[in-house]
Ligand SMILES: Cc1cc2nc3c(=O)[nH]c(=O)nc-3n(C[C@H](O)[C@H](O)[C@H](O)COP(=O)(O)OP(=O)(O)OC[C@H]3O[C@@H](n4cnc5c(N)ncnc54)[C@H](O)[C@@H]3O)c2cc1C
């Protein structure tokens, strides 16, 4: 585990990565742990890597968020939803397989310890960059409230890392976990918001991550519930 005091992002660089483990955490989402052999590689919580591989003569250029805290680098965890060719390829890599990756990339990060409460909203594998941040904040004994609202449109009754979040809630009094089972995170948030004194949304920094247009839809609702626009960020998973 890297020293928590030495957190610095590197410029994007190439590295070889070896698969350490590959485990389903929902019927469609896998946690894939990689070991990077580039000792200079480091990243900020919430950043991504770009696996580079070829299959049947075709080159892939899809990007995946790192789901683990930078403190564990050069080990990184990816949280991959099986939707098409690239994600299936990554999910099907055997333990011990090697791939090339490039990174880090991404701007929805934490450079320093924030000084406001935080609300995280995730759908599906959009939990990945938010988990990296939450894990890092936990390691830093972050002193403000953290709320996580999570749903999973792929399998609405099965949330990635659910047991982990439940147990974190038991051991970390600042952390509150709201499960949006078979419903949208907006519905759960709107229902709980009035009861969560001294929860006041305008005080919170809000990070949202979901697939496609869902990030913007959730952001619009959060703003409607009173979050300040300059304190809301969202990341959109899309295929390019
Ligand atoms: C900054 C960033 C970070 C990302 N991080 C992750 C991550 O941590 N985990 C992850 O699983 N994916 C992530 N993605 C999406 C990833 O880069 C690929 O786009 C995704 O895996 C689809 O590639 P594919 O070749 O498997 O599917 P394709 O053959 O390209 O098919 C993709 C189609 O599936 C649909 N779809 C359903 N779910 C997704 C999804 N999650 N992402 C994209 N399209 C989807 C869309 O309609 C899309 O047209 C990220 C994307 C961005 C831009």
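Assorted remarks:
- Against the chain, whose longest principal axis is taken from its Cα atoms, helix 162-171 shows a tilt of about 60°.
- Distance from the stretch 41-76 to the stretch 185-240 (C-alpha centre basis), Å: 26
- Percent antiparallel among DSSP beta bridges (both partners in the chain, rounded to 5): 60
- Helix-only arithmetic for the chain: the sum of -39500 (n - 2.57) across DSSP H runs with n ≥ 4, divided by the residue total, places the mean residue ellipticity at 222 nm at -6000 deg cm²/dmol.
- Prolate/oblate/rounded label for the stretch 156-229 (Cα gyration tensor, a/c 1.5): oblate
- Highest-MSF residue in the chain out of 194, 70, 117 [GNM, Cα springs under 10 Å]: 194
- Ranked for footprinting exposure by Cβ neighbours inside 10 Å, fewest first, 13, 108 give 13, 108.
- Gaussian network model of the chain, Cα within-10 Å springs - most flexible of 56, 157, 207: 56
- Exposure proxy ranking, count of Cβ atoms within 10 Å, fewest first, for 120, 142, 164: 164, 142, 120
None of the figures in this text is laboratory data; all of them are computed from the coordinates on show. Computed from a prediction, not measured in an experiment: that's the story for all the values here. Cβ atoms come from the backbone with ideal geometry, glycine included; neighbour counts cover every protein chain shown.
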